[in-house]
Amino acid sequence: MVAITFLLLCVVTMGLTDDIVSKLDPGPRYQYMPGPDGRQHLVDLWVKTRNVNEAAKYNPDVQNAYHLFTRQNPTTSQPMVLGNEALVSSSNYDVGKTTIVLVHGWMSDPYSTINRVLVPAYLAAADVNILVVDWSVGAGTINYATAVLNTVTSGEGVARFISWLCGITGTSLTQFHLTGHSLGGHQVGVIGRNLGGVVPYIMSLDPAGPGWLTNDNRFQPNDGLYTEVIHTNVGVMGYLPALGKVDFYPNGGVNMPGCTEPKCDHDRSLYYFAESLTSQFTGRRCLTYLNALTGSCFLTQTLNMGGLEPKTGNSGIYYTETNAAPPFSKD
């Protein structure tokens, strides 16, 4: 009886083994991160066996959902499903228009701030198709390390969906723009990379910092023909160094006027970009991102932050200042 009990104990213990697979960041293993619910969550930045096993269960080709918004249906989406051509043909999708792809972040869903802010802003600024990516099955886990792994898996799946959509409709990849926030700010890079780097415009809005400092899958300058990053909470929720062909650090990129906590700073990138679709934010070029953090930018070149169209051919790091409340532009 004692031998059987010992054997069962060994089996249970082996089943609970949670080996360390990798370390997402070189810094502290644990840190607090504000979630979209505004609460602080203690996250583990070391990838363990359980994270890998959990991530392996996520299949974006089956579990991701896509919601189409147009000026004909600005508030109620039309669903699209990979492999279902009938849904596409019966929708308001217009092959002759630019298609904006929106990607949310950690513990978010189609009702998250990025979509509430940017869907109406885009439709007010231009007659476009908007595809809201719902990868909440992959992003919704409280285990942040798993969500980081799922960010890449989802990006690969979204790229397959876009390729399929182009194949059945005749749409060109040159008609797509990708915009993502937080984890979605890295995912849009993964999407663009898997589409061959030919998407004309990729916008990364305060891409996540934790879990991405040494992550080879992070947003990269050549993920699209023109890539831009707006940093609003660097070193806390957002990524600190420059990532795109063009990087903007409004107000120094950390603490935004009118905000009193990191989540507000992190989300400010959404509101700045939304306003930039119809307004102008003039940025002044900086030598380095360290100069941008302090606003010590004295080069003569200027560039508008955000906007509807890619600023292809431009590069560099820029600083701009905003108001504490709408309108945020000081121009």
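Computed from the coordinates by the stated procedures, all read-outs in this text should not be read as laboratory data. On a predicted model such as this, the values are computed, not experimentally measured, just so you know. Cβ atoms come from the backbone with ideal geometry, glycine included; neighbour counts cover every protein chain shown.
Out of all the residues in region 262-280, which are within 23 Å of residue 127 (Cβ to Cβ) and either within 14 Å of the chain's Cα centre (by Cα) or not hydroxyl-bearing (Ser, Thr, Tyr) (or both)?
Selection gives 270, 273, 274, 275, 277, 280.
What is the number of the single condition among (1) outside any loop (DSSP other than H, G, I, E, B); (2) out of contact with any Asp or Glu (no Cβ under 8 Å at 6 or more places or on another chain) that residue 91 does not meet?
Exception for residue 91: condition (1).
Could you list, in sequence order, the residues of region 229-248 that are β-branched (Val, Ile, Thr) and closer than 15 Å to residue 307 by Cβ?
229, 230, 246, listed by residue number.
Which of (1) free of Cβ contacts under 8 Å to residues at least 60 places away in the same chain; (2) of a type in the set (Lys, Arg); (3) out of contact with any His (no Cβ under 9 Å at 6 or more places or on another chain) is the odd one out, the single condition residue 263 does not satisfy?
Every listed condition holds for residue 263 apart from (1).
Select from region 113-138 the residues that are in contact with a Phe, Trp or Tyr (Cβ under 8 Å, 6 or more places away or on another chain) and under 21 Å from residue 149 (Cα atoms) and write down the one among them that is surrounded by the fewest Cβ atoms within 10 Å (Cβ to Cβ).
The qualifying residue surrounded by the fewest Cβ atoms within 10 Å (Cβ to Cβ) is 137.
Could you check region 189-305 for strands (runs of 3 or more DSSP E) lying wholly inside it with 1 or more residues that are in contact with a strand residue (DSSP E or B) (Cβ under 6 Å, 6 or more places away or on another chain) and among the basic types (Lys, Arg)?
Working: elements: 201-205, 227-230, 246-250, 282-286, 302-304.
Strands (runs of 3 or more DSSP E) meeting the threshold: 282-286.
When the residues of region 273-331 are narrowed to those that are in contact (Cβ under 8 Å) with a residue 24 or more places away in the chain and of a type in the set (Phe, Trp, Tyr), which ends up farthest from residue 222 (Cα to Cα)?
Checked region 273-331; the qualifying residue farthest from residue 222 (Cα to Cα) is 328.
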